[in-house]
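Engineer: Have a look at this one.
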Amino acid sequence: MGKSNIFTHIYGYLVCLVTVITFLICVTSLVDAVIDKTDPLHSALGGYNSPDLTNFETYKLDLMKSIQQKDNNQKSILPDDQILRKAYEAAKQNKIDKVVFNSNKTIIVSCLIILICIVLFITHWRLARNTIKRATYEIGQF
């Protein structure tokens with residue numbers, strides 16, 4: 001087996017290893033995106049410091065806590081429930097839209113990368129296997 005055959009063989013298997021690792025990472029990302037898309041309000045997207053948008057009462061409580069933390073010395077006034085409800089609905093819809101958009105983007109990108117990984121794996125696996133067969137055939141002829 002010549003040096004070029006050994007390097008081709010090693011190259012083929014290394015590319016296969018990298019594609020398997022990339023495939024596993026993309027599958028994890030794909031599963032996360034699908035889960036986020038099914039329940040966008042509980043998604044971690046948007047940060048942990050933002051108010052909880054799962055229901056109006058927790059949103060209102062989070063706003064009250066954040067206002068108290070910012071304005072310890074000043075008396076701050078919370079808007080009435082009707083205005084607060086409109087702000088809650090707008091924030092809720094905004095988060096849903098962001099999570100769905102990012103989930104769709106992640107799903108598309110992950111699927112494309114998975115497809116590329118499959119193609120690269122198959123071609124390089126065949127390359128590595130053919131190199132071994134060729135080397136075995138050459139050794140058998142001597």
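Engineer: Going by what's in this entry, would residue 53 be described as touching a helix residue (DSSP H, G or I) at 6+ places or on another chain (Cβ under 7 Å), surrounded by 14 or more Cβ atoms within 10 Å (Cβ to Cβ) and part of a loop (DSSP other than H, G, I, E, B)?
Structural biologist: Yes: the conditions hold for residue 53.
Engineer: For the subset of the range 112-139 comprising residues that are exposed (fewer than 13 other Cβ atoms within 10 Å of the Cβ) and among the hydrophobic types (A, V, I, L, M, F, W, C), which member is farthest from residue 28 (Cα to Cα)?
Structural biologist: Filtering first and then ranking leaves 139.
Engineer: Here is a further query. For the range 79-108, name all the residues that are in contact (Cβ under 8 Å) with a residue 24 or more places away in the chain and β-branched (Val, Ile, Thr).
Structural biologist: Correct list: 96, 99, 100, 106, 107.
Engineer: Count, please, the residues in the range 1-42 that happen to be aliphatic (A, V, I, L, M) and within 13 Å of residue 103 (Cα to Cα).
Structural biologist: The number of residues fulfilling the criteria is 6.
Every number in this text was worked out from the coordinates using simple rules, so none of it is lab data. This is a predicted model, so every value here is computed, not measured. Note that we place each Cβ from the backbone using ideal geometry, even for glycine, and neighbour counts take in every protein chain shown.
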